[in-house]
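The values are calculated or read from the model by the stated rules, or taken from the named source; none is laboratory data. Because the structure is predicted, anything quoted here is derived from the model rather than measured. When we count neighbours, we look across all protein chains shown, and the Cβ atoms used for this are built from the backbone with ideal geometry, even at glycine. We work out accessible area using only protein heavy atoms, side chains counted, and drop any ligands, DNA or RNA first. Shrake-Rupley method; radii C 1.70, N 1.55, O 1.52, S 1.80 Å.
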Amino acid sequence: MKKIFFIIATLFASNSQAQVTKVSLQASGLTCSMCSNSINKSLQSLDYIEKVMANIKTSTFEITFKPNAKIDFDELKKKVEDAGFSVASLSASVNFDNLQIQKDQHVVYEGMTIHFLNANGQMLNGVQTIQVVDKGYVSAKSFKKNQLYTTMDCYKTGVAGTCCSKDGLKQGSRIYHVTI
């Protein structure tokens with residue numbers, strides 16, 4: 001009986017996961033191909049990255065991941081910063097499996113807590129693009145503009161606070177704020 005329960009639980013868990021399939025990251029501060037190469041090498045040092053394709057003209061990096069890899073957007077950002085640059089934008093292609101979302105809802109998916117700012121009772125199914133809009137992932141002007149989508153304090157800090165206790169989140173845990 002325990003084996004049957006374990007198999008059912010495993011199947012349910014795998015079906016309720018989202019998979020980040022790729023990330024498009026735009027860096028700022030690049031002036032030459034050596035800058036791009038520096039970021040490329042830094043990103044490729046992460047063991048869960050399969051491939052990085054750089055576009056020097058747009059300062060963007062298309063990053064694909066190894067299957068079933070646990071992705072950490074903050075690690076990607078840190079690698080860009082370690083190379084001496086900053087992130088101007090980060091969008092991720094995520095393969096969702098029938099996820100119902102609401103505006104200002106926190107969802108734990110693929111080990112990450114995601115706060116959907118502009119959702120409106122949507123069902124996410126298949127590959128969807130989400131834009132990370134936290135500090136350090138967008139311009140200061142965009143960050144301020146996105147504050148209009150929420151009144152929750154976690155948007156300002158990037159971590160769960162008292163506003164997130166109703167969702168059962170541990171205070172101080174990382175929250176990625178995204179738009180669709």
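Observations, loosely collected:
- Computed in the context of the full set of protein chains, the accessible area of the chain at 1.4 Å probe radius has 55% of its extent on carbon or sulfur.
- Considering only alpha-carbon pairs that sit under 8 angstrom and 6 or more positions apart, the relative contact order computed for the chain is 20 percent.
- Rg [Å, one decimal], Dmax [Å, integer] - the chain, C-alpha atoms: 17.3, 62
- Order by protection proxy (mean Cβ within 10 Å, highest first), peptides 80-89, 31-40: 80-89, 31-40
- Treating r as the C-beta distance of Met53 and Lys135 and R0 as 30 Å, the FRET efficiency rounds to 0.65.
- The Cα-based radius of gyration of segment 21-119, divided by its Kirkwood radius, gives an Rg/Rh of 1.01.
- Å² of accessible area per residue within the chain, as computed with a 1.4 Å probe and no ligands counted: 56 Å²
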